[in-house]
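Notes to accompany the following structure.
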């Protein structure tokens, strides 16, 4: 997930460059002072959020980084949510949001405790179903340009420390932490001659691998 000051232009660029389709605009994110758009990528999605209220977490992050677009959140589907949350609580990692619905339960971890980004842990029933993706969510809606999210390189101040923390809780799956200010979303290219094509959205680049 990325945070952007201008939702429309950011989403339009991603859709045009990578053949993505918006599957849902979730009114529920207004709870966080945000608007959003979710785009299907294989059986995953990229979400862009934009602040619409003063003092939202995403707005504060954009201000703090002096950014128009920046890395914001990583979401993981898990099958052992309660056990993971017990382990995290013992390590004094705070849970800052809980959502419980018939088909999905989600928890957000405080980025100040885990480092790098907000982490969302989500357990679905049945597995692979995503309420967050809206009522028309369907995996592999369009694979014409990209087929999956291959990885996310997130820029942080201390990559080694953040990597160690995430590793302790089994969260280093497709995630790499790097120095600097530019984070990179890596998408698997359908056309293998298209490898390396990259666009830059301020502090987030999106690259075909």
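FYI, it's all coordinate maths here, none of it is from the lab. It should be emphasised that the depicted structure is a prediction, and the values quoted were computed from it without experimental measurement. Methodologically, a virtual Cβ is constructed for each residue, glycine included, from the backbone with ideal geometry; neighbour enumeration extends over all protein chains shown.
Using 0.36 nm per residue, how much length does the chain from residue 63 to residue 164 gain when fully extended, once their Cα-Cα distance is taken away?
Full-extension gain reported as 33.6 nm.
At residue 173 and residue 98, where each label point lies 7 Å from the Cα along Cα→Cβ, what is the point-to-point distance in nanometres?
Roughly 2.2 nm, to one decimal.
What percent does the relative contact order of the chain come to when contacts are Cα pairs within less than 8 Å and at least six residues apart?
This gives 20 percent for the chain.
Evaluate the distance, in nm, between pseudo-label points positioned 7 Å from the Cα of residue 195 and of residue 52 along their respective Cα→Cβ axes.
So the label points at residue 195 and residue 52 sit 4.2 nm apart.
Rank by packing, highest mean first: peptides 35-43, 70-78, with packing defined as the count of other Cβ atoms within 10 Å averaged across residues.
35-43, 70-78
Under 1.5 on a/c is rounded, so check that first for the stretch 145-209, then, if it is not, pick prolate when a/b is larger than b/c and oblate when it is not; a ≥ b ≥ c are the square roots of the alpha carbon gyration tensor eigenvalues.
Oblate, since a/c reaches 1.5 and b/c is not below a/b.
How would the stretch 1-89 be classified by its alpha-carbon gyration tensor: rounded, prolate or oblate, with rounded meaning a/c under 1.5 and the a/b versus b/c comparison settling the rest?
In terms of gyration-tensor shape, oblate.
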